[in-house]
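Written below as structure tokens is the structure these notes are about.
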Amino acid sequence: MKKQLIAGNWKMNGSSVANETLLKALVAGMASATCQVAVCVPAPYLAQVQGLVAGTGIELGAQDVSQHEAGAFTGEVSAAMLRDFATRYCLVGHSERRQYHGETDVVVAVKALRALAAGITPIVCVGETLEEREAGRTEEVVKRQLAAVIHANGHCISEIVVAYEPVWAIGTGKTASPEEAQQVHAVLRAQLRAATAQAERVLILYGGSMNAANAAQLLSQQDIDGGLVGGASLKPTDFLTIIAAAN
Ligand code: PEP
């Protein structure tokens, strides 16, 4: 059976002191964890967190990567730079990047390509807005977003992780019900099956206000292979409860 993955997205939170306190609490509490665990940290803390997670079983993740390989792109961080810090995962296409930084499906697909080429697993985020859900367009939107990544990445597609994150559930305290989430995950799985014979090995995470109280039910759904956790990943007790609910 594939191991579920619980990935924390710290967003633009943290400090040297806070990171150390949080990671020490996680390491102390996750001795019996059976799932995979990762933390996606702000770029300036990659080196610090690389040191803190070494040998702990927690994998290092980044929150974004440049679509460019190298050169005159001030402020950007390349996939090769992330790899220099032994970064294992990188979020691409988080809804906050799509919304506030104008990232299109094509840009997200190229970012996934850059990550894969550097040996980093992209966690490709897809999800519909409330308006799109209410218009009955959820399936169309997530399929369009994933199709761009499949198109650009061809046979490597089984190497990605997908995160279904309904935009209306991110940071709002509203969660898709386990049944609603499973329905979308099944659509994404079917789309992956049409693209690769290895679709069953692709982890499809759920994200959007996953917390200590709702994690077990969400994680018990057939096509939910883990969680992408924002707010609750900053609270060690809550994050550890989510980790304990995964397998
Ligand atoms: C996220 O940022 O990916 C996320 C799911 O946030 P939250 O858990 O806070 O909704």
Across (1) aliphatic (A, V, I, L, M); (2) away from the ligand (no atom under 15 Å from the Cβ); (3) closer than 21 Å to Asn9 by Cα; (4) buried (at least 17 other Cβ atoms within 10 Å of the Cβ), Val108 clears everything bar (2)
Residue hits (the stretch 136-175; among the acidic types (Asp, Glu), in a helix (DSSP H, G or I) and surrounded by 14 or more Cβ atoms within 10 Å (Cβ to Cβ)) are Glu139, Glu159
Does Thr172 meet the test of being within 14 Å of the ligand (Cβ to nearest atom) and farther than 23 Å from Met1 by Cα? yes
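Conditions (1) open to solvent by 10 Å² or more (accessible area, probe 1.4 Å); (2) of a type outside the set (Val, Ile, Thr); (3) not in a helix (DSSP H, G or I), marked per residue:
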| position | (1), (2), (3) |
| --- | --- |
| Thr74 | yes, no, yes |
| Arg98 | yes, yes, no |
| Leu113 | yes, yes, no |
| Ile123 | no, no, yes |
In the stretch 176-208, residue nearest to His151 (Cα to Cα) [restricted to those that are of a type in the set (Gly, Ala, Ser) and open to solvent by 20 Å² or more (accessible area, probe 1.4 Å)]: Ala195
Just one of the numbered conditions (1) more than 16 Å from the ligand (Cβ to nearest atom); (2) free of Cβ contacts under 8 Å to residues at least 40 places away in the same chain; (3) not acidic (Asp, Glu) is not true of Arg97; which one? (1)
Val187 is checked against (1) free of Cβ contacts under 8 Å to residues at least 24 places away in the same chain; (2) part of a helix (DSSP H, G or I) and fails just one. What number does that condition carry? (1)
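The values are calculated or read from the model by the stated rules, or taken from the named source; none is laboratory data. Computed from a predicted model, the values in this text were never measured in an experiment. Backbone-built Cβ (ideal geometry, glycine too); neighbour counts: all protein chains shown. Side chains are part of the model used for accessible areas, which takes the heavy atoms of the whole protein and leaves out ligands, DNA and RNA. Shrake-Rupley method; radii C 1.70, N 1.55, O 1.52, S 1.80 Å.
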